[in-house]
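The values are calculated or read from the model by the stated rules, or taken from the named source; none is laboratory data. Please read all numbers here as calculations on a predicted model, not as lab measurements. Cβ: placed from backbone, ideal geometry, glycine included. Neighbour counts: every protein chain shown.
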Amino acid sequence: MPGPTDIVRNIPGFEDAQQRVVAATYGDIRLICAYFPNGQAPDSDKFVYKLKWLEAMTAWLREELAKYPRLALLGDFNIAPEDRDVHDPAKWEGQNLVSPQERAAFAALVELGLADAFRKFEQPEKTFSWWDYRMFAFRRNAGLRIDHILLSPALANGCSACVIDRVPRTWEQPSDHTPVVATLNCG
């Protein structure tokens, strides 16, 4: 297969020095990998920036989906879209990563026609992709599901599995995140 084409870095027209987005087309599949802003706290300037970034991402994805019907958006979204994606929803209520504004922005991405690959399948309860390094969070499974794969309908129809692979989080000096893996039958 030839190398990637139509490479884009960052959201076109949105000023972001952090280099949070890279997109490329492989064959007829558009892959967009993104590291969404964290937001720090709902009352911070960083949170306001996160919401503006999410708005720009949604607008750009609408255009991308029109050009690329076989599209996948994946990465660290820094959003737990539902209470079942949080180890202790009451403890996290009103906090960054679970705020109503962030969840609404995630829902706006899904409303573009994207499917949450992980939620297409029955999953064990308390399945997370991120755990804080402090307080033995991984050992206690005190995590959040903030890493996602969203698929256009054309790719979602060919998605036969999606899991979170906890193994890399058990390794020496691991990331605080662990991979989300989707199996796509793209023939």
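With the requirement that a residue be out of contact with any strand residue (DSSP E or B) (no Cβ under 6 Å at 6 or more places or on another chain), assigned to a loop (DSSP other than H, G, I, E, B) and of a type in the set (A, V, I, L, M), what does the stretch 102-145 give you?
Scanning the stretch 102-145 gives LEU112, ALA142.
Tell me which residues, restricted to the stretch 10-26, are in a loop (DSSP other than H, G, I, E, B) and free of Cβ contacts under 8 Å to residues at least 40 places away in the same chain.
Listed by number, the residues that qualify are ASN10, GLU15, ASP16, ALA17, GLN18, GLN19, ARG20.
Quick check on the stretch 163-185. Is at least one of its residues assigned to a loop (DSSP other than H, G, I, E, B), acidic (Asp, Glu) and within 30 Å of LYS52 (Cβ to Cβ)?
Yes; the residues of the stretch 163-185 include at least one that is assigned to a loop (DSSP other than H, G, I, E, B), acidic (Asp, Glu) and within 30 Å of LYS52 (Cβ to Cβ).
Looking at LEU71, LEU112 in this structure, which one is among the aliphatic types (A, V, I, L, M), crowded, with 22+ Cβ neighbours inside 10 Å, closer than 27 Å to GLY27 by Cβ and modelled with pLDDT of 95 or more?
LEU71
For (1) at pLDDT below 95; (2) under 21 Å from LEU112 (Cα atoms); (3) not aliphatic (A, V, I, L, M), each residue gets a yes or a no:
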position	(1), (2), (3)
LEU31	no, yes, no
ALA34	no, yes, no
GLY39	no, no, yes
LYS46	no, no, yes
ASN78	no, yes, yes
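Would you check which residues across the stretch 128-182 are basic (Lys, Arg) and crowded, with 21+ Cβ neighbours inside 10 Å and list them?
The answer is ARG145, and nothing else.
Considering only the stretch 30-37, I want to know if a residue exists there that is of a type outside the set (A, V, I, L, M, F, W, C), over 14 Å from the mean Cα position of the chain (by Cα) and surrounded by fewer than 14 Cβ atoms within 10 Å (Cβ to Cβ).
no
Residues to consider are ALA80, ALA107; find the one that is surrounded by 12 or more Cβ atoms within 10 Å (Cβ to Cβ), in contact with a Pro (Cβ under 8 Å, 6 or more places away or on another chain) and among the aliphatic types (A, V, I, L, M).
From the options ALA80, ALA107, the qualifying one is ALA107.
Give the residues of the stretch 109-122 that are in contact (Cβ under 8 Å) with a residue 12 or more places away in the chain and over 13 Å from the mean Cα position of the chain (by Cα), sorted by residue number.
Answer for the stretch 109-122, where residues must be in contact (Cβ under 8 Å) with a residue 12 or more places away in the chain and over 13 Å from the mean Cα position of the chain (by Cα): LEU112, GLY113, LYS120, PHE121.
Here is a check on your reading of the model: is ASN96 of a type in the set (S, T, N, Q), surrounded by 19 or more Cβ atoms within 10 Å (Cβ to Cβ) and out of contact with any His (no Cβ under 8 Å at 6 or more places or on another chain)?
So ASN96 passes the test.
In the stretch 161-186, how many are over 19 Å from the mean Cα position of the chain (by Cα) and under 25 Å from ARG62 (Cα atoms)?
Here the count works out to 2.
Please name all residue pairs, on different chains or six or more residues apart, with Cβ atoms under 6 Å, provided the first residue is in the stretch 157-183 and is in contact (Cβ under 8 Å) with a residue 60 or more places away in the chain and the second residue is in a strand (DSSP E or B) and surrounded by 14 or more Cβ atoms within 10 Å (Cβ to Cβ).
So the pair list comes out as HIS177/TRP130; HIS177/ASP147; VAL180/ASP147; VAL180/ILE149; VAL180/ILE164; ALA182/ILE149; ALA182/CYS159; ALA182/CYS162.
Which is under 17 Å from ALA108 (Cα atoms) and under 14 Å from the mean Cα position of the chain (by Cα), of ALA56, ALA66, ALA72?
Sole residue among the options that is under 17 Å from ALA108 (Cα atoms) and under 14 Å from the mean Cα position of the chain (by Cα): ALA72.
Suppose the filter is within 18 Å of ILE29 (Cα to Cα), touching a strand residue (DSSP E or B) at 6+ places or on another chain (Cβ under 8 Å), aliphatic (A, V, I, L, M) and assigned to a helix (DSSP H, G or I); does LEU155 pass it?
yes
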